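Undergrad: First, the structure itself, so that you have it in front of you.
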């Protein structure tokens, strides 16, 4: 488990470094594709966690693994909304760029809540509470900044 977590963190860090360097060169349509891929990855990790919080998925290695991976990749969201990626095939509302401080605060709230998942995953009750907190931050960003 620790090896998987370390690999996920290393991958996230290397990806983050690459994103920072590539953003200046990244075309808006590529940024949107990357953003969509990241959002699908976040959704894939969060699905079993949400199922666990609802009582549909048992506490165990799968949800613990998802908690660790989600914590590792959550900070990448801050990198996938570069200037110019507000046009095209995106569900991001213009407010993500026009209310940039609020948007960045919402993304940070998600990353901060997700960062608590690995520690919380040590017990089922703590993990359930932490997953619910992460879910609130998802809603806190999707409602004002994502078009349906």
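The values are calculated or read from the model by the stated rules, or taken from the named source; none is laboratory data. For clarity, every value in this text was computed on a predicted model and none was experimentally measured. Backbone-built Cβ (ideal geometry, glycine too); neighbour counts: all protein chains shown.
Undergrad: Would a scan of segment 118-132 turn up a residue that is in a loop (DSSP other than H, G, I, E, B), over 23 Å from residue 27 (Cβ atoms) and without any contact (Cβ under 8 Å) to a residue 24 or more places away in the chain? Let's see the steps before the verdict.
TA: Quick first cut of segment 118-132, residues in a loop (DSSP other than H, G, I, E, B) only: 121-123.
Remaining after also requiring over 23 Å from residue 27 (Cβ atoms): 121-123.
Subsequent filtering for residues that are without any contact (Cβ under 8 Å) to a residue 24 or more places away in the chain retains 122-123.
For segment 118-132, residues in a loop (DSSP other than H, G, I, E, B), over 23 Å from residue 27 (Cβ atoms) and without any contact (Cβ under 8 Å) to a residue 24 or more places away in the chain: present.
Undergrad: Return yes or no: is residue 12 over 22 Å from residue 137 (Cα atoms) and either in a loop (DSSP other than H, G, I, E, B) or at pLDDT below 95 (or both)?
TA: Values: over 22 Å from residue 137 (Cα atoms): no; either in a loop (DSSP other than H, G, I, E, B) or at pLDDT below 95 (or both): yes.
No, not satisfied.
Undergrad: If you don't mind, there's one more thing I want to ask. All but one of (1) modelled with pLDDT of 95 or more; (2) loosely packed, with under 12 Cβ neighbours inside 10 Å; (3) touching a helix residue (DSSP H, G or I) at 6+ places or on another chain (Cβ under 7 Å) hold for residue 53; which doesn't?
TA: (2)
Undergrad: A follow-up question, please. Residue check: is residue 103 assigned to a helix (DSSP H, G or I) and in contact (Cβ under 8 Å) with a residue 40 or more places away in the chain? So that I can check it myself, show each step before the final result.
TA: On the way: assigned to a helix (DSSP H, G or I): yes; in contact (Cβ under 8 Å) with a residue 40 or more places away in the chain: yes.
Here the answer is yes, as residue 103 does meet what is asked.
Undergrad: Let me ask something additional. Would you check which residues across segment 60-92 are surrounded by fewer than 18 Cβ atoms within 10 Å (Cβ to Cβ) and within 15 Å of residue 138 (Cα to Cα) and list them?
TA: If the condition is that a residue be surrounded by fewer than 18 Cβ atoms within 10 Å (Cβ to Cβ) and within 15 Å of residue 138 (Cα to Cα), then 78, 91 are the ones that fit.
Undergrad: Now a separate question. Among the numbered criteria (1) within 23 Å of residue 37 (Cα to Cα); (2) assigned to a helix (DSSP H, G or I), which one does residue 82 miss?
TA: (2) is the only condition that residue 82 fails.
Undergrad: Applying the selection to segment 93-107, what residues are within 18 Å of residue 134 (Cβ to Cβ) and surrounded by fewer than 17 Cβ atoms within 10 Å (Cβ to Cβ)? Let's see the steps before the verdict.
TA: Of segment 93-107, the ones within 18 Å of residue 134 (Cβ to Cβ) are 103-107.
Once the filter is applied, which keeps residues that are within 18 Å of residue 134 (Cβ to Cβ) and surrounded by fewer than 17 Cβ atoms within 10 Å (Cβ to Cβ), segment 93-107 yields 104, 105.
Undergrad: Quick test of your reading of the structure: residue 59 fulfils all but one of (1) free of Cβ contacts under 8 Å to residues at least 60 places away in the same chain; (2) part of a loop (DSSP other than H, G, I, E, B). Name the failing condition by number.
TA: Here residue 59 clears every test but (1).
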